[in-house]
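*Asks:* Quick one: the structure is below, and I'll ask about it shortly.
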Amino acid sequence: MTAVSPEIRQQVLELRRSHSLREVAARTGLPIGTVKTICSRSGAFRDNAAHRALFCLPPIQPSTQTLPAVPELPQQQRVTGDNEIDAVLWLRSVIDTGQAALIDKALEASKRIKTPLKELEKRYMQHLVSTNPENPMMAAFGSLGFSNLESLARRAMEREGLRTEAANRFGDHIFADTPAEKFCVASLAGLKRKKNEIFLDDTDVDARFQSRPELLPNTLSDCLHELGYWHDLYRLRNASIPDYYDNPQEATARESFAFRCLARIRPRNKGEAVAVFRYLAADRMDRSETNDILLNMIG
């Protein structure tokens, strides 16, 4: 390999984070083989093991919780005065327990209701509208999905599975700050939101996290790993307490930082680029950084 000064070596590594190997070679005047060797030997473009260890959920532990032999049924209530509608409302509350045995019985019982469930959904909507004349449109929305018990059952089973996973991973500490969250809070200590801003300033956030290179994502795979961590952590928390969003603002800032890194780190191969495309396709195409990320994948 051609002899390279430490300064040029550092320049190669810095350029490689946002340029292709061929572009780095052209900018530095080095043979492309030399550029490849410098990048490979540096280790800076391999998955960061320390980063992955921090942004990782606790392992699943065997549960010591004793479940009741017979799950308790929700109490039947007179809600609308329409016996059939109230029966469906009760069946929905049974399904919402997430208990498989009760859900199976509720779905079977729903088949014995003589009036089609779609017709009952219309009657329920009429009831909601008549009892909420101040805001009939919002009241009508309350009946959406009323008749789709199978979909409700799938969501309830998924939520119960997440609750069980949360308990097996975190025990009673699902809402305690994780090591990753503590790292984010410590890294951004003292940062304040600018006047009339909801979030911390991106430039300030980036500078703080980039000052901790040992815990930066080195690769796009690292970025997707971290983004997956935040997604899974929030899902487990929301399943434990629905509509839980009280996460540290520093954690939200770090998640956004990891997303921005998708526009800054060059893909190592086509497979990594495809993984990013698939990640974006899952309802993230309208984010402000997405165009830059796409250009990075094809540039």
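*Asks:* Looking at the structure I just gave you, is Ser40 of a type in the set (S, T, N, Q), more than 24 Å from Leu236 (Cβ to Cβ), at pLDDT below 90 and assigned to a helix (DSSP H, G or I)?
*Replies:* Details: of a type in the set (S, T, N, Q): yes; more than 24 Å from Leu236 (Cβ to Cβ): yes; at pLDDT below 90: yes; assigned to a helix (DSSP H, G or I): yes.
So Ser40 fits the description; yes.
*Asks:* Right, next: If we scan segment 144-152, do we find a residue that is polar (S, T, N, Q) and either loosely packed, with under 12 Cβ neighbours inside 10 Å or farther than 22 Å from Ser93 by Cα (or both)?
*Replies:* There is at least one residue in segment 144-152 that is polar (S, T, N, Q) and either loosely packed, with under 12 Cβ neighbours inside 10 Å or farther than 22 Å from Ser93 by Cα (or both).
*Asks:* Same structure again: Could you check Val35 against (1) in contact with a Phe, Trp or Tyr (Cβ under 7 Å, 6 or more places away or on another chain); (2) assigned to a helix (DSSP H, G or I); (3) more than 30 Å from Lys118 (Cβ to Cβ) and say which number it fails?
*Replies:* Going through (1) in contact with a Phe, Trp or Tyr (Cβ under 7 Å, 6 or more places away or on another chain); (2) assigned to a helix (DSSP H, G or I); (3) more than 30 Å from Lys118 (Cβ to Cβ) one by one, Val35 breaks only (1).
*Asks:* Also, quick follow-up: If we scan segment 274-294, do we find a residue that is under 26 Å from Ala44 (Cα atoms) and not in a helix (DSSP H, G or I)?
*Replies:* First pass over segment 274-294, keeping only residues under 26 Å from Ala44 (Cα atoms): 274-280, 289-294.
Keeping just the survivors that are not in a helix (DSSP H, G or I) gives 289.
Yes, that holds for at least one residue.
*Asks:* A follow-up question, please. Tell me whether segment 197-211 contains one or more residues that are surrounded by fewer than 15 Cβ atoms within 10 Å (Cβ to Cβ) and closer than 24 Å to Cys39 by Cβ.
*Replies:* Yes, segment 197-211 contains at least one residue that is surrounded by fewer than 15 Cβ atoms within 10 Å (Cβ to Cβ) and closer than 24 Å to Cys39 by Cβ.
*Asks:* Would you call Arg235 under 30 Å from Gly98 (Cα atoms) and either surrounded by fewer than 15 Cβ atoms within 10 Å (Cβ to Cβ) or touching a residue at least 60 places away in the same chain (Cβ under 8 Å) (or both)?
*Replies:* On the way: under 30 Å from Gly98 (Cα atoms): yes; either surrounded by fewer than 15 Cβ atoms within 10 Å (Cβ to Cβ) or touching a residue at least 60 places away in the same chain (Cβ under 8 Å) (or both): yes.
Judged against the criteria, Arg235 is a match.
*Asks:* Cβ-Cβ below 7 Å, separation at least six or inter-chain, first residue in segment 172-186 and of a type in the set (Val, Ile, Thr), second open to solvent by less than 70 Å² (accessible area, probe 1.4 Å) and in a loop (DSSP other than H, G, I, E, B): which pairs?
*Replies:* That search, which allows pairs on different chains as well, returns Val185/Pro248.
*Asks:* Given the criterion open to solvent by 60 Å² or more (accessible area, probe 1.4 Å), charged (D, E, K, R) and over 15 Å from the mean Cα position of the chain (by Cα), identify the matching residue among Asp246, Asp283, Asp292. Talk me through it step by step, then tell me what you get.
*Replies:* Numbers: Asp246 fails: over 15 Å from the mean Cα position of the chain (by Cα); Asp283 fails: over 15 Å from the mean Cα position of the chain (by Cα).
Every option except Asp292 fails the conditions.
*Asks:* Among Phe259, Phe277, which is the only one that is touching a helix residue (DSSP H, G or I) at 6+ places or on another chain (Cβ under 7 Å) and open to solvent by 40 Å² or more (accessible area, probe 1.4 Å)?
*Replies:* Phe277
*Asks:* Looking at (1) in contact (Cβ under 8 Å) with a residue 12 or more places away in the chain; (2) closer than 29 Å to Glu158 by Cβ, find the lone condition where Asn218 falls short.
*Replies:* (2)
*Asks:* Does any residue in segment 262-291 that is over 16 Å from Glu226 (Cα atoms) come within less than 8 Å, Cβ to Cβ, of a residue that is in a helix (DSSP H, G or I) and of a type in the set (D, E, K, R) six or more places away or on a different chain, and which pairs are these?
*Replies:* From residues that are over 16 Å from Glu226 (Cα atoms), the pairs are Arg266/Arg16; Glu289/Arg260.
*Asks:* Let me ask you something else. If the Cβ limit is 9 Å and pairs must be 6+ apart or interchain, which residue in segment 191-209 that is at positive phi pairs with which residue that is buried (at least 16 other Cβ atoms within 10 Å of the Cβ)?
*Replies:* Note: no pairs meet the criteria.
*Asks:* Check every one of the helices (runs of 4 or more DSSP H) wholly within segment 133-191 and list those with 3 or more residues that are at pLDDT below 90 and more than 18 Å from Asn247 (Cα to Cα). Give the steps one after another, and end with the answer.
*Replies:* Numbers: elements: 136-141, 149-170, 179-187.
Answer list for segment 133-191: 136-141.
*Asks:* Another one. Would you pick out the residues in segment 222-232 that are among the hydrophobic types (A, V, I, L, M, F, W, C) and open to solvent by 30 Å² or more (accessible area, probe 1.4 Å)?
*Replies:* Of all residues in segment 222-232, those among the hydrophobic types (A, V, I, L, M, F, W, C) come to 223-224, 227, 230.
Hit for segment 222-232 is Leu224, nothing else.
*Asks:* Could I ask something else about it? Please verify whether Glu181 is open to solvent by less than 40 Å² (accessible area, probe 1.4 Å), more than 28 Å from Ser42 (Cβ to Cβ), in contact with a Ser or Thr (Cβ under 8 Å, 6 or more places away or on another chain) and charged (D, E, K, R), treating the condition exactly as stated.
*Replies:* No, not satisfied.
*Asks:* Next up: Of the conditions (1) out of contact with any Leu (no Cβ under 8 Å at 6 or more places or on another chain); (2) under 19 Å from Ala239 (Cα atoms); (3) in a helix (DSSP H, G or I), Met125 satisfies every one except a single condition; which number is it?
*Replies:* (2)
The values are calculated or read from the model by the stated rules, or taken from the named source; none is laboratory data. Nothing here was measured: the structure is a model prediction, and the numbers come from that model. Reconstructed Cβ throughout: ideal geometry from the backbone, glycine too, with neighbour counts over all protein chains shown. To get the accessible areas, we keep the full protein, side chains included, count just its heavy atoms, and leave off ligands, DNA and RNA. Shrake-Rupley method; radii C 1.70, N 1.55, O 1.52, S 1.80 Å.
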